[in-house]
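Engineer: Below is the structure I would like to discuss, written out as structure tokens.
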Amino acid sequence: MSLSNNTSTHLSKVPTHAFAKLPEAEWTVENSSQLYGINNWGNGYFRINKDGNVAVTPKGEKGPSVDLYELTQELQDRGIRIPIMIRFPDIIRERVHLLHACFQKAIADHSYKGSYRGVYPIKVNQQRHLVQELVKFGKEVHLGLECGSKPELLVVLSLMNTPDGVIICNGFKDAEYIETALLAKKIGREIIIVVDRKDELKLITDAAKKLSIKPKIGFRAKLNTQGAGKWVDSAGARSKFGLTAVEIVEGVEFLKKQDMLDCLELLHYHIGSQVPSIQSIKSSLKEAARFYTELHSLGAKLKYIDVGGGLGVDYDGTGWSDSSINYSEQEYANDVVSTLQTLCDEKGVPHPNIVTESGRALVAHHSVLIFNVMGVNNLFKQDPPAPATKQDPAIMQELQYIYEKLTPENINECFNDLMQSKSETLNLFTYGVLNLTQRAWCESMFFAIATKMLSTAQKTPDCEDIVASLRETLCDTYFCNFSVFQSVPDSWAVGQLFPVMPIHNLKNEPCHEATLADLTCDSDGKIEKFIDSESGEVKKTLRVHPFKEGDAPYYLGVFLTGAYQEILGDLHNLFGDTDAVHISLRDSGYTVDHYVPGDTVTEVLTYVQYGRAEMVDSVRQFTEESIANGNLTKQEAKALIKHYEEGLSGYTYLEEME
Ligand SMILES: *Cc1c(COP(=O)(O)O)cnc(C)c1O
């Protein structure tokens with residue numbers, strides 16, 4: 001490990017808190033809960049049980065519970081391979097019912113006259129079992145579906161049969177998309193085609209005339225109010241979708257001329273995903289409500305307002321950061337209902353039925369990715385190298401001196417000297433003063449001193465800054481059996497934070513700091529954003545338990561990965577889909593509802609046009625040549641082909657040798 005990796009010695013940048021390592025007996029499950037913030041972001045669905053393992057509790061503490069660590073082991077006993085994506089449909093049921101209940105309550109509390117219809121935008125996670133579960137759980141609450149493309153419309157038509165559930169058609173549309181949607185009205189679906197671009201309106205009226213089917217039309221408004229956070233660009237004058245005020249007025253005129261203004265039933269807008277603040281939600285609502293009342297005064301008697309998605313998920317539990325939200329689902333519902341009510345009452349317009357397109361908020365919580373640690377690049381060094389002598393360069397003698405003289409009293413001075421000597425070592429090497437062996441000695445000594453200094457600092461009052469800085473310096477890299485690009489792409493693509501923590505051993509203090517590196521050869525293939533539960537800021541390292549190769553498996557979980565990650569995931573380095581399971585909880589125990597095997601190597605290779613048969617045949621021919629010229633025995637050829645074929649049938653992730 002090169003010294004140059006970690007040249008930051010600015011104490012001001014280092015968080016000023018850090019935990020001194022407690023004797024093991026003093027560390028409790030509560031300490032772990034606090035450290036990882038699980039009771040904040042876990043939303044009652046995840047907690048640490050008395051055995052020190054993460055438990056999944058879809059109905060809260062009093063409801064059924066499954067131990068995630070035991071589950072992980074029992075799934076492997078069944079031959080399911082790690083990394084595993086574990087889905088909990090029970091959590092989805094809770095989310096669907098929660099959102100519905102919040103709107104029912106808001107409607108009752110405000111004596112609002114319209115009704116509530118949720119729709120789930122399938123782009124958030126189109127996996128078939130999941131959408132089927134949503135439709136099933138959504139029956140009682142009339143949950144509908146939203147599609148944003150022609151393929152998604154085809155999915156929706158095959159899965160949706162909820163009698164009064166709404167189907168919303170968004171996205172770019174051609175005549176075929178529109179005709180399919182119109183014809184689907186005839187099989188009894190409440191299907192609303194939203195005009196996202198002005199040219200689509202004529203396509204819709206033409207198709208309606210051709211098929212003699214009366215369409216239900218929505219207008220998507222381009223609001224001026226923007227969201228906030230990572231996905232702000234979905235609204236505003238330059239956003240990709242929606243009609244400007246001018247286009248809306250022209251659209252109404254156009255429909256009037258066609259004598260079809262009564263087909264205009266819905267006004268839609270969407271200000272972007274994961275809106276962190278309720279203030280943005282309210283201001284966009286106000287603007288949209290004005291569009292709604294104005295459309296009424298132009299003669300369009302709309303029935304629905306569709307407020308889009310954006311309802312956020314609290315990924316870090318802080319309640320105020322970019323990865324969090326400063327409102328609850330109930331506050332969201334109250335604000336939607338009361339804002340619409342106030343503005344409609346002012347203008348004497350009937351209250352619209354409310355459609356929401358919350359996707360993330362319904363499915364983010366339900367899935368967890370579990371993977372194991374394969375190895376560690378460990379910088380903790382207990383023993384110093386052989387002592388420097390009088391003949392060695394001065395820098396070596398200085399380091400030797402720091403190592404020996406370090407005490408609690410002079411720790412500040414030693415810390416500064418140590419950091420100074422680090423940059424000096426690099427300079428001396430670059431200028432040809434130190435040779436490689438000497439540089440290696442200096443690096444070993446640096447880590448030996450840092451290790452000794454950390455343990456001294458932990459026992460010395462007022463050394464929190466030094467402890468934190470040394471923890472970062474001595475931070476390990478944990479090599480993990482998963483691909484960021486396949487399983488948590490937003491962590492890489494938009495720097496999104498996901499809660500990550502060990503799923504077991506939480507009665508013991510996790511006393512190492514680590515960053516997590518994945519299996520890909522890409523230097524971006526790592527997770528380096530973690531929750532700092534003390535400060536609420538983001539930190540670069542995760543507290544973990546010590547691990548060495550050969551130890552019992554150490555499992556980490558990435559939580560709240562149910563929204564967007566799977567379909568955005570890619571095949572970087574040819575790591576494919578992971579194994580996935582659907583787990584339903586029973587009063588005691590659980591059932592495995594579905595097992596969806598991950599990609600085999602052969603499957604992944606077919607995406608890039610390799611055929612298994614040709615590959616095996618080609619390798620076989622190479623072995624024949626080598627057998628012929630005596631470089632390979634027939635037995636070796638057989639073994640090579642066997643490994644090759646097994647490799648092609650196998651998992652793309654690392655597996656234990658049988
Ligand atoms: C993506 C999308 C949604 C879903 O947004 P979430 O923030 O996940 O709830 C809803 N409506 C439209 C039009 C979208 O494009």
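The values are calculated or read from the model by the stated rules, or taken from the named source; none is laboratory data. Because the structure is predicted, anything quoted here is derived from the model rather than measured. Cβ placement follows ideal geometry from the backbone for every residue including glycine, while neighbour counts extend to all protein chains displayed.
Engineer: Hey, could you check region 317-336 for residues that are hydrophobic (A, V, I, L, M, F, W, C) and out of contact with any strand residue (DSSP E or B) (no Cβ under 7 Å at 6 or more places or on another chain) and say which is nearest to the ligand (Cβ to nearest atom)?
Structural biologist: The residue in question is Ile325.
Engineer: Where residues in region 344-398 are within 16 Å of the ligand (Cβ to nearest atom), farther than 28 Å from His504 by Cβ and β-branched (Val, Ile, Thr), which of them is nearest to the chain's Cα centre (by Cα)?
Structural biologist: Thr356
Engineer: So, Asp579, is that one closer than 26 Å to Trp492 by Cβ, in contact (Cβ under 8 Å) with a residue 60 or more places away in the chain and of a type in the set (D, E, K, R) or not?
Structural biologist: Taking the combined requirement at face value, the residue satisfies it.
Engineer: Please state which one of Val604, Val616 is assigned to a helix (DSSP H, G or I), closer than 30 Å to Ile583 by Cα and of a type in the set (A, V, I, L, M, F, W, C).
Structural biologist: Going through Val604, Val616 in turn, just one is assigned to a helix (DSSP H, G or I), closer than 30 Å to Ile583 by Cα and of a type in the set (A, V, I, L, M, F, W, C): Val604.
Engineer: Filter region 375-421 down to the residues that are surrounded by fewer than 18 Cβ atoms within 10 Å (Cβ to Cβ), closer than 30 Å to Ser483 by Cα and not aromatic (Phe, Trp, Tyr) and list them by number.
Structural biologist: Listed by number, the residues that qualify are Gly375, Asn377, Asn378.
Engineer: Those residues that are in contact with an Asp or Glu (Cβ under 9 Å, 6 or more places away or on another chain) and within 22 Å of Val484 (Cα to Cα), I need them from region 57-74; list them, please.
Structural biologist: Scanning region 57-74 gives a single hit, Tyr69.
Engineer: Among the residues of region 272-286, count how many are part of a helix (DSSP H, G or I), closer than 30 Å to Thr561 by Cβ and either within 13 Å of the ligand (Cβ to nearest atom) or not aliphatic (A, V, I, L, M) (or both).
Structural biologist: The number of residues fulfilling the criteria is 5.
Engineer: Let me ask you something else. Confirm whether Met160 is at pLDDT below 95 and within 27 Å of Asp579 (Cα to Cα).
Structural biologist: Judged against the criteria, Met160 is a match.
Engineer: Within region 615-626, can you find the residues that are over 25 Å from Leu605 (Cα atoms) and exposed (fewer than 14 other Cβ atoms within 10 Å of the Cβ)?
Structural biologist: The one that is over 25 Å from Leu605 (Cα atoms) and exposed (fewer than 14 other Cβ atoms within 10 Å of the Cβ): Glu625.
Engineer: Does Tyr269 satisfy being among the hydroxyl-bearing types (Ser, Thr, Tyr), within 13 Å of the ligand (Cβ to nearest atom), closer than 17 Å to Val249 by Cβ and surrounded by 21 or more Cβ atoms within 10 Å (Cβ to Cβ)?
Structural biologist: yes
Engineer: Additional query: Could you run through region 185-214 and say how many residues are touching a helix residue (DSSP H, G or I) at 6+ places or on another chain (Cβ under 8 Å) and within 19 Å of Pro352 (Cβ to Cβ)?
Structural biologist: 3
Engineer: Could you list, in sequence order, all residues of region 405-438 that are without any contact (Cβ under 8 Å) to a residue 40 or more places away in the chain and among the charged types (D, E, K, R)?
Structural biologist: Lys405, Glu409, Glu413, Asp417, Glu424
Engineer: Continuing with the same structure: Looking at (1) assigned to a loop (DSSP other than H, G, I, E, B); (2) within 29 Å of the chain's Cα centre (by Cα); (3) away from the ligand (no atom under 16 Å from the Cβ), which is the only condition Asp314 fails?
Structural biologist: Against the list (1) assigned to a loop (DSSP other than H, G, I, E, B); (2) within 29 Å of the chain's Cα centre (by Cα); (3) away from the ligand (no atom under 16 Å from the Cβ), Asp314 comes up short only on (3).
Engineer: When residues of region 506-528 are filtered for being closer than 22 Å to Asp322 by Cβ, touching a helix residue (DSSP H, G or I) at 6+ places or on another chain (Cβ under 7 Å) and either of a type outside the set (A, V, I, L, M, F, W, C) or part of a loop (DSSP other than H, G, I, E, B) (or both), how many remain?
Structural biologist: Of the residues in region 506-528, 2 are closer than 22 Å to Asp322 by Cβ, touching a helix residue (DSSP H, G or I) at 6+ places or on another chain (Cβ under 7 Å) and either of a type outside the set (A, V, I, L, M, F, W, C) or part of a loop (DSSP other than H, G, I, E, B) (or both).
Engineer: Across region 240-250, which residue is nearest to the ligand (Cβ to nearest atom) among those that are surrounded by fewer than 22 Cβ atoms within 10 Å (Cβ to Cβ) and part of a helix (DSSP H, G or I)?
Structural biologist: Result: Glu247.
Per-residue answers, yes or no, for (1) more than 27 Å from Ile325 (Cα to Cα); (2) touching a residue at least 40 places away in the same chain (Cβ under 8 Å):
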| residue | (1), (2) |
| --- | --- |
| Glu30 | no, no |
| Ile38 | no, yes |
| Tyr45 | no, yes |
| Val54 | no, yes |
| Thr57 | no, no |
| Gln73 | yes, no |
| Arg87 | no, yes |
| Glu94 | no, yes |
| Leu98 | no, yes |
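Engineer: Output the number of residues of region 43-63 satisfying the condition of being more than 29 Å from Glu26 (Cα to Cα) and crowded, with 17+ Cβ neighbours inside 10 Å.
Structural biologist: 1
Engineer: Determine whether Tyr292 is hydroxyl-bearing (Ser, Thr, Tyr) and not in a loop (DSSP other than H, G, I, E, B).
Structural biologist: In short, yes.
Engineer: Further question: Name the residue, out of Glu152, Glu94, that is closer than 23 Å to Ile187 by Cα and of a type outside the set (Gly, Ala, Ser).
Structural biologist: Glu152
Engineer: Looking at region 287-297, can you tell me whether even one residue there is over 30 Å from Ala207 (Cα atoms) and within 14 Å of the ligand (Cβ to nearest atom)?
Structural biologist: No, region 287-297 has no match at all.
Engineer: Kindly check whether there is at least one residue in region 596-612 that is within 30 Å of Gly60 (Cα to Cα) and of a type in the set (Val, Ile, Thr).
Structural biologist: yes
Engineer: Also, I was wondering about something else. For region 73-190, give me every one of the strands (runs of 3 or more DSSP E) that falls completely inside it and has 2 or more residues that are aromatic (Phe, Trp, Tyr) and within 16 Å of the ligand (Cβ to nearest atom).
Structural biologist: Fully inside region 73-190 and qualifying: 116-121.
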